[in-house]
1. Which of the residues spanning the stretch A:139-166 are in a loop (DSSP other than H, G, I, E, B) and under 16 Å from residue A:216 (Cα atoms)?
2. Which of the following residues is within 14 Å of chain A (Cβ to nearest Cβ) and either more than 22 Å from residue B:129 (Cα to Cα) or in contact (Cβ under 8 Å) with a residue 60 or more places away in the chain (or both): B:216, B:273, B:261, B:257?
3. So is residue B:267 more than 9 Å from chain A (Cβ to nearest Cβ), surrounded by fewer than 18 Cβ atoms within 10 Å (Cβ to Cβ), more than 18 Å from the chain's Cα centre (by Cα) and within 30 Å of residue B:111 (Cβ to Cβ) or not?
4. Assess whether residue B:129 counts as being touching a helix residue (DSSP H, G or I) at 6+ places or on another chain (Cβ under 9 Å), surrounded by fewer than 16 Cβ atoms within 10 Å (Cβ to Cβ), away from every other protein chain (no Cβ under 14 Å) and within 29 Å of residue B:225 (Cβ to Cβ).
5. Out of (1) within 14 Å of chain B (Cβ to nearest Cβ); (2) not in a helix (DSSP H, G or I), the odd one out for residue A:91 is which?
6. Need the failing condition index for residue B:39 against (1) under 23 Å from the mean Cα position of the chain (by Cα); (2) at pLDDT 85 or above, just the number.
7. Residue B:233 passes all but one of (1) surrounded by 19 or more Cβ atoms within 10 Å (Cβ to Cβ); (2) farther than 20 Å from residue A:168 by Cα; which number fails?
8. What number of residues within the stretch A:239-255 satisfy the criterion of being assigned to a loop (DSSP other than H, G, I, E, B) and either facing chain B (nearest Cβ under 9 Å) or modelled with pLDDT under 85 (or both)?
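The values are calculated or read from the model by the stated rules, or taken from the named source; none is laboratory data. Quick caveat: nothing in here was measured; it's all calculated off a predicted structure. No Cβ is skipped: glycine too gets one built from the backbone with ideal geometry, and neighbour counts run over all protein chains shown.
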């Protein structure tokens, strides 16, 4: 202890300004930090008993606390009333199901053959002009094109392959000489069935349901296939479909 | 510690009237002689009026600054901010932050003017950019400033970040400023990504398709994030307007707010000396070592 302490005896230590009001005598300060046996006593529900400054008889919460809390609650409600609808408005499309465009005619059966692909243009989004159209490659199906998903039923009469690369969605083109689908962006290569033979794609090219009505070929909804050409609901590019991966990506029900 | 406030710049100080220039109120010459000639009197009066007017005009900017200063108290703040002490060894690398700010202001100003001609609809966007570049007076220049300025800004952000890193300026007590800077870097990247789509040509369209699908590649949440960006499961007209709104309203607002916080912390904490400068030892300690 220094000399200063001897000259001037310090008042009772009262540093705890958070829990105790140092300006009032200790008798009015029943803080657990200062009164040894207060932990056994039950804290009074009344502010007056607790020695709160400016307390009123029969009051369990100070007016300052009540009004502060009330103002904060009102502000929170007002903010939520404006903020939540705005947020929902921005996030809405995430939970919206897009209706696909229905069956689209791509030409008479005579246009197609089993050995080469014929490019056709279909519409994905009718509202955005050229940007809403996409090319698909169509050929007549053969016995080799049977899918494990057919389960004895008749297979799809035509193979309609989406040009959306399964890597990141660039447009692939079919090169007849090599019998390969080739993507210009990152070098994805697919064989004539759309299975990956090189580059970064994670699954074969997507396909469309096909049917023949009155001698004309129609294509319907898009579906994704895994490496065994089993059919799955449509997925985004870059989403794996083999093994456990099929459960880790939600389906995107679009064209 | 409170530093003394630097002096008011010379041009803003009130000057005392030069001896002999004050016009005497009794109509006499400054030398005291009374003038009789009416022509001479008229000439002198005119001269005095002109001088008084000149003096009044000179007072106007001072009065305006004074009026503002009295109401905002901005004078001492501005002087303390602009004439603040900087550490020894402060060099040109310390200007990279200001350069980035300048690049951002350039983007903001040119962006506002580009928005006057741009039309964020899938059928009109490409045409409106084409029109802006080829037909509008100086359109190619302003659009070029915005296009190349974005690259300049990204480069400057990285140089500024490198300076901060290699000079150790991210250390205590400036960690929060580093964190804000990292958020600003991410927002700048988001600006680049959303701005790239807006010309709506083949390159920007497919680049955005690829960028959105990269977001979709994350398991479980990825496809939903991609849906949020596209405004639906398919790239459509909502996508372009959504990117436009994010590019010109959402992110710029965030960037301006965070730049404000960034600058506040810079002025509050000051800058660091370059790492090759050692702190000067106290004189008595240095003498002791000798």
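1. Matches in the stretch A:139-166: A:141, A:156, A:157.
2. That would be B:216, the only listed residue that is within 14 Å of chain A (Cβ to nearest Cβ) and either more than 22 Å from residue B:129 (Cα to Cα) or in contact (Cβ under 8 Å) with a residue 60 or more places away in the chain (or both).
3. When the stated conditions are applied, residue B:267 does not pass them.
4. Spelling it out, it is not the case that residue B:129 is touching a helix residue (DSSP H, G or I) at 6+ places or on another chain (Cβ under 9 Å), surrounded by fewer than 16 Cβ atoms within 10 Å (Cβ to Cβ), away from every other protein chain (no Cβ under 14 Å) and within 29 Å of residue B:225 (Cβ to Cβ).
5. (2)
6. (1)
7. Failing condition for residue B:233: (2).
8. So the answer is 9.
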